[in-house]
Amino acid sequence: ASYGIGRQERTLVLIKPDGVKGNYTDRIKNTILESGFLILRERTQQLNDETAAKFYAEHSSKGFFSSLVKYMTSGPLIAMVLEKDDAVAAWRGLIGPTDAHVAKVTHPNSIRAMCGLNMEENCVHGSDSPQSAEREISFFFEDLSAGESLIRRDEL
Ligand code: RTP
Ligand code: MG
């Protein structure tokens, strides 16, 4: 029997430098825990130009890339690994659209509506697919392998 427990999934969250500076960390973490995620890992890190560019390599050809790197290196960020059923989509749903201006109108209860400012300064990151999540988790947490869960479950 599965006891109704679905497939557990992980996602990577960043509280970006503006979110940390604005003191939104506790509010964001409360939302995470109220939404039923487990926080498997958490660390504070200061990115440099090289690591920020590597993290957002998919955007390296975009016009906003150098501005994005500058933003992401503007102060320490907090990285977290969350786990629950459908964690990737669940977290993306909670943060709302990329542009915080839009979020405030269309998703007023979203995290980006709460702490974001505009298209760039949107205070949080969420992985966009399970594949991205595994890559991004290993970027910040080398010792947390893709296959194993830290949480023991009785899945019989
Ligand atoms: P994220 O990867 O940070 O979770 O954000 P996202 O999927 O919603 O948006 P994405 O397209 O992946 O963009 C990554 C981050 O780049 C900044 N951005 N600036 N100025 C611009 O037009 C622009 N577009 C995106 C944002 O900080 C965005 O979160
Ligand atoms: Mg993205």
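The values are calculated or read from the model by the stated rules, or taken from the named source; none is laboratory data. Model, not experiment: these values are computed from the prediction. Heads up, the Cβs are rebuilt from the backbone with ideal geometry, glycines too, and the neighbour counts pull from every protein chain shown.
Tabulated values for the structure
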| quantity | calculated |
| --- | --- |
| Only listed residue being more than 15 Å from the chain's Cα centre (by Cα), under 19 Å from Phe139 (Cβ atoms) and of a type outside the set (A, V, I, L, M), chosen from Asn48, Asn23 | Asn48 |
| Test: residue in region 131-140 that is closer than 22 Å to Lys21 by Cα and hydrophobic (A, V, I, L, M, F, W, C) | yes |
| Candidate set from region 120-148 (those that are of a type in the set (Phe, Trp, Tyr) and surrounded by 15 or more Cβ atoms within 10 Å (Cβ to Cβ)); member that is nearest to the chain's Cα centre (by Cα) | Phe140 |
| Of all residues in region 120-153 being β-branched (Val, Ile, Thr) and modelled with pLDDT of 95 or more, the one that is nearest to Ser74 (Cα to Cα) | Val124 |
| Residue within region 11-32 that is aromatic (Phe, Trp, Tyr) and touching a residue at least 60 places away in the same chain (Cβ under 8 Å) present | yes |
